[in-house]
Amino acid sequence: MLNVGYAIAGGVFMVGMTLFAFLKGGIREKIGAGVYIAAWFGSLVAQENLGFRDWPYSLFAIDTATLVVFVAIAWRSPHAWPTWAAGLQLIAVMGHIMIMTTNKAPTTSIYTAMNLIGYLIIACIGVGTFWVWQDRKAATEYAERTIR
C-alpha cells in the first residue's frame with residue numbers, strides 16, 4: 001500500500017517521457033518509446049494475471065521482443081541511445097534467464113533490478129529525444145540564417 005505513490009510517480013515519468021518522444025523525437029525515438037510503453041503496459045497486465053506464483057513466461061517474451069526491437073533500432077542508428085537501451089534491456093532479459101536457471105539469488109532483488117533498468121531505458125529514450133530535438137532545432141536555425 002505504501003508503494004502506490006512510487007508506482008504513480010513512475011507511471012507519470014514513463015508516460016511523460018513517451019509523450020516527449022512522440023512530440024519532439026525523430027522516427028527512432030518514436031518507435032522506441034512506442035514499443036517501450038506498449039511493453040510496459042503489457043508487463044503490467046501480465047503481472048496482474050500471474051503474480052509471483054510461477055516463472056513469468058509472458059514477461060520474458062515481452063522483454064525479449066523489446067530487446068529485439070531495440071537491437072533493430074540500434075543497428076544503423078547514428079545515435080548512441082538505442083545501443084544503451086538495448087544493453088540495458090539485455091540485462092533485464094538476462095535477469096529472466098537467471099530466474100529460470102537458478103534459485104540462488106532472491107527473485108525480488110532481480111525484479112527490483114529489472115524495474116530500475118526500466119527507468120534507465122526510458123531515460124535513455126528521453127536523452128536521445130532531447131538531442132535529436134536540439135539537432136533539428138539547430139539545423140533549422142542554421143538554415144534560416146544562411147537563407148537571409
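The values are calculated or read from the model by the stated rules, or taken from the named source; none is laboratory data. These numbers were taken from a predicted model, which means no experiment stands behind them. Every residue, glycine as well, gets a Cβ built from its backbone with ideal geometry; the counts of neighbours run over all protein chains shown.
Values computed for the structure shown
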{"item": "Among residues of the range 68-82, those that are in contact (Cβ under 8 Å) with a residue 12 or more places away in the chain, part of a helix (DSSP H, G or I) and more than 13 Å from the chain's Cα centre (by Cα), counted", "result": "1"}
{"item": "Residue within the range 60-74 that is at pLDDT below 90, on the phi < 0 side of the Ramachandran plot and surrounded by fewer than 16 Cβ atoms within 10 Å (Cβ to Cβ) present", "result": "no"}
{"item": "Qualifying residue in the range 85-105 (condition: touching a residue at least 12 places away in the same chain (Cβ under 8 Å) and outside any helix (DSSP H, G or I))", "result": "no"}
{"item": "Check on ASP54, at pLDDT below 90 and of a type outside the set (S, T, N, Q)", "result": "yes"}
{"item": "Count of the range 1-51 residues which are surrounded by 15 or more Cβ atoms within 10 Å (Cβ to Cβ), at pLDDT below 90 and in contact with a Pro (Cβ under 8 Å, 6 or more places away or on another chain)", "result": "1"}
{"item": "Members of the range 22-42 found to be under 12 Å from the mean Cα position of the chain (by Cα) and in contact (Cβ under 8 Å) with a residue 12 or more places away in the chain, listed by number", "result": "GLU29, ILE31, GLY32, ALA33, GLY34, VAL35, TYR36, ILE37, ALA39, TRP40"}
{"item": "Count - residues of the range 113-131 that are among the aliphatic types (A, V, I, L, M) and out of contact with any helix residue (DSSP H, G or I) (no Cβ under 7 Å at 6 or more places or on another chain)", "result": "2"}
{"item": "Residue in the range 101-116 that is touching a Leu at 6+ places or on another chain (Cβ under 9 Å) and either over 22 Å from THR129 (Cα atoms) or modelled with pLDDT of 95 or more (or both) present", "result": "yes"}
